[in-house]
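Participant: My structure is below; once you've seen it, I'll send some questions.
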Amino acid sequence: MTERIYITDVAPRDGLQNQQLPVSTESKLALIGLLEAAGLRSVEATSFVSPKAVPQMADAGELVPAVAARWPRLRTSVLVPNLKGLERAHSAGAREIAVVLSATETMNARNINMGLAQATEVSEQTLAAAHALGLRTRAYVAVAFDCPFEGETPLPEVLRLAARMHAAGAGEVVIADTIGSASPGQVKERFAALREVVPIDRLAVHLHDTRGMGAANAWAALEAGVRRFDASVGGIGGCPFAPGAAGNLATEDLVLLAERSGFATGVSLQGVLDAIDFAQTLLQRPLGGRSIAWLRREQARRQAQAAEPAAA
Ligand code: COA
Ligand code: ZN
């Protein structure tokens with residue numbers, strides 16, 4: 001039987017949080033609809049953070065009920081940095097939340113204005129409160145490879161925080177290469193250690209493609225046993241508080257890599273191209289992962305073939 005991998009498309013949150021052009025709630029819904037139509041079964045739709053910190057996510061309270069009404073079966077997670085975010089998410093009807101804990105002092109300070117100890121406690125409290133409300137949960141461990149301010153993140157620290165998030169009941173512990181600096185060797189080493197402290201089926205990986213190693217890192221994670229991935233259609237993404245962070249691992253690259261290696265994703269590449277077309281118009285710039293030129297050529301070839309009159 002073909003083994004399956006599970007993709008959460010984070011384009012609506014990680015992808016749009018950092019854009020210069022304002023994106024309307026209706027356009028966000030259209031993008032999420034295209035992701036759903038492409039076969040993605042899980043998205044990170046938005047974040048309930050301070051609108052002063054991230055103006056692009058200010059409409060989270062309107063977006064979440066609209067997504068639930070249109071696509072009731074779509075797994076829809078939202079990022080919350082604290083109890084206030086959880087409260088807002090819950091009153092909007094969110095059914096899954098993700099807390100965001102960075103593995104260094106400085107990254108927590110820059111991202112959520114807390115020290116590491118406080119951020120850890122707040123994440124634990126938020127997870128506990130989310131469980132009490134009956135919500136599904138994820139916990140990011142951000143800058144799990146390198147921190148833009150502190151350099152290489154010590155592995156024992158990543159293990160300690162991942163174990164704490166698991167003990168706090170996180171349904172998934174998402175190991176994030178926030179600035180896209182990881183290498184396949186590091187991914188292999190870190191997941192071999194991580195799976196000793198968190199069951200492998202509770203671990204997910206969130207990659208960025210800053211150095212062109214997103215797909216290689218995804219392969220290293222697959223080989224290490226990881227089956228849950230974050231990715232973003234067209235590779236749109238990046239944290240506004242992490243200097244040097246470029247786009248996410250592109251969903252199309254991950255789907256191509258996985259399917260060509262014998263894993264099922266349930267995702268249609270044509271559907272992903274449709275979502276990229278829409279996002280390009282929205283953001284007024286070319287988008288796409290490493291495979292985009294080839295995917296476009298294949299698409300053109302298929303279209304030309306379909307247009308040819310059948311041979312006599
Ligand atoms: N949603 C909306 N508003 C929030 C909030 C949330 N989750 N948490 C706090 N606030 C509001 C407070 O009510 C307060 O509002 P006021 O000025 O009108 O009274 C204001 O924000 C400051 O509150 P405080 O608790 O002092 O927060 P802070 O200034 O220390 O900021 C965060 C902390 C977490 C709210 C802020 O740093 C943040 O939103 N960061 C998000 C980072 C992010 O999205 N990064 C990218 C994804 S990893
Ligand atoms: Zn990210």
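Participant: FRET efficiency for Leu83 and Ala310, Cβ-Cβ distance as r, R0 = 45 Å, nearest 0.05? Mind dumping the intermediate values first?
Facilitator: On the way: r = 63 Å, r/R0 = 1.40.
For R0 = 45 Å, the calculated efficiency reads 0.10.
Participant: Moving on. Quote the FRET efficiency, to the nearest 0.05, computed for Ala264 versus Ile200 with a Förster distance R0 of 22 Å and r equal to the Cβ-Cβ distance. Could the numbers behind the result be given before it?
Facilitator: On the way: r = 18 Å, r/R0 = 0.84.
For Ala264 and Ile200, the calculated efficiency is 0.75.
Participant: Evaluate the distance, in nm, between pseudo-label points positioned 7 Å from the Cα of Gln125 and of Met1 along their respective Cα→Cβ axes.
Facilitator: 4.3 nm
Participant: How long is the gain from Ala132 to Arg70 if the chain were fully straight, where each residue apart is worth 0.36 nm and the alpha carbon distance is subtracted?
Facilitator: The span from Ala132 to Arg70 would gain 19.7 nm if fully extended.
Participant: Next question, about the same structure. Which whole-Hz couplings ³J(HN,Hα) result when phi for each residue of region 54-71 is put into the Karplus expression 6.51 cos²θ - 1.76 cosθ + 1.60, θ = phi - 60°, listed in order with x for Gly and Pro?
Facilitator: Those phi angles translate into 9, x, 5, 9, 5, 8, 3, x, 8, 5, 4, x, 5, 5, 5, 5, 7, 10 Hz.
Participant: Still on this structure: For region 183-244, give the magnitude of the charge dipole about the Cα centre (Cβ charges: +1 Lys/Arg, -1 Asp/Glu; no others), in debye to the nearest 20. If you can, show how the numbers build up before the last one.
Facilitator: On the way: 7 positive and 6 negative charges, 10 e Å.
The dipole magnitude comes to about 40 debye.
Participant: At q = 0.07, 0.08, 0.09, 0.15 Å⁻¹, what log₁₀ I(q)/I(0) does a Debye calculation on the Cα points of the chain give, no solvent, two decimals?
Facilitator: Normalising to I(0) and taking log10 leaves -0.25, -0.32, -0.41, -1.18.
Participant: Calculate the dipole size of region 51-100 relative to its Cα centre from +1 charges on Lys and Arg beta carbons and -1 charges on Asp and Glu beta carbons; express the result in debye to the nearest 20. Could the numbers behind the result be given before it?
Facilitator: Values: 7 positive and 4 negative charges, 22 e Å.
Using only the charged Cβ atoms, the result is roughly 100 debye.
Participant: Gain in length, Asp274 to Gln299, computed as 0.36 nm per residue apart minus the alpha-carbon separation, to one decimal in nm? Mind dumping the intermediate values first?
Facilitator: Details: separation 25, 0.36 × 25 = 9.00 nm, distance 1.09 nm.
Gain in length upon complete extension: 7.9 nm.
Participant: Let me ask something else about it. Please arrange Lys28, Lys52, Lys84 by how many other C-beta atoms lie within 10 Å of their C-beta, fewest to most. The partial results should precede the final answer.
Facilitator: Numbers: Lys28 25, Lys52 7, Lys84 13.
Ordered from fewest to most neighbouring Cβ atoms within 10 Å, Lys28, Lys52, Lys84 come out as Lys52, Lys84, Lys28.
Participant: To continue, here is another question. Just want the answer: with Cβ charges of +1 for Lys and Arg and -1 for Asp and Glu, which residue in Ala109, Pro148, Leu74 is farthest toward the dipole's positive end in the chain?
Facilitator: Checked the options; the winner is Leu74.
Participant: Now, a different point. So, by mean Cβ neighbours within 10 angstrom, what's the order for 252-259, 277-284 with the highest one leading?
Facilitator: Details: 252-259: 23.9, 277-284: 16.1.
Result, highest mean first: 252-259, 277-284.
Participant: What distance in nm separates the two pseudo spin-label positions at Ala30 and Ala192, each 7 Å out from Cα along the beta-carbon direction?
Facilitator: Computed distance between label sites Ala30 and Ala192 equals 4.9 nm.
Participant: Something else now. Report the charge-dipole magnitude of the chain in Debye, nearest 20, computed about the Cα centre from +1 at each Lys and Arg Cβ and -1 at each Asp and Glu Cβ.
Facilitator: Values: 30 positive and 32 negative charges, 80 e Å.
With Lys and Arg at +1 and Asp and Glu at -1, about 380 debye.
Participant: In the chain, if the dipole is taken from +1 on Lys/Arg beta carbons and -1 on Asp/Glu beta carbons about the Cα centre, which of Ala119, Leu203, Leu269 is farthest to the positive end?
Facilitator: Sorting the options by dipole projection puts first Leu269.
Participant: Another question, if that's okay. Rounded to whole Hz and in sequence order, give me ³J(HN,Hα) for region 158-167 from the Karplus expression 6.51 cos²θ - 1.76 cosθ + 1.60, θ = phi - 60°, writing x for Gly and Pro.
Facilitator: Once rounded to whole Hz, the list reads 5, 5, 4, 6, 4, 5, 5, 5, 5, 5.
Participant: Could you give the distance between the Cα centres of region 205-256 and region 1-24, to the whole Å?
Facilitator: Taking the Cα centre of region 1-24 as reference, the centre of region 205-256 is 11 Å away.
Participant: Using θ = phi - 60° and the Karplus curve 6.51 cos²θ - 1.76 cosθ + 1.60, what whole-Hz ³J(HN,Hα) does each residue of region 261-270 get, with Gly and Pro shown as x?
Facilitator: 10, x, 9, 8, 10, x, 9, 8, 5, 4
Participant: If you rank Phe241, Phe263, Phe145 by fewest surrounding Cβ atoms within 10 Å, what's the result?
Facilitator: Values: Phe241 19, Phe263 16, Phe145 24.
The order, fewest Cβ neighbours first, is Phe263, Phe241, Phe145.
Participant: Another one. So what is the calculated 222 nm ellipticity per residue for the chain, using -39500 (n - 2.57) for each DSSP H run with n of 4 or more, over all residues, to the nearest 500 deg cm²/dmol? List each step's numbers first, then the result.
Facilitator: Numbers: 11 runs with 133 residues, N = 312.
Taking each H run of at least 4 residues, the total per residue is -13500 deg cm²/dmol.
Participant: I need the peptides 171-183, 10-22, 120-132, 286-298 ranked by packing, meaning the mean over residues of other C-beta atoms within 10 angstrom, with the highest value on top. Walk me through the intermediate numbers first.
Facilitator: On the way: 171-183: 24.8, 10-22: 21.6, 120-132: 19.1, 286-298: 16.3.
Packing order, densest peptide first, comes out as 171-183, 10-22, 120-132, 286-298.
A short reminder: the numbers here are calculations on the coordinates, not readings from a lab. Keep in mind it's a predicted model, so treat the numbers as computed, not measured. Here Cβ is always computed from backbone atoms with ideal geometry, including for glycine, and neighbour counts include all displayed protein chains.
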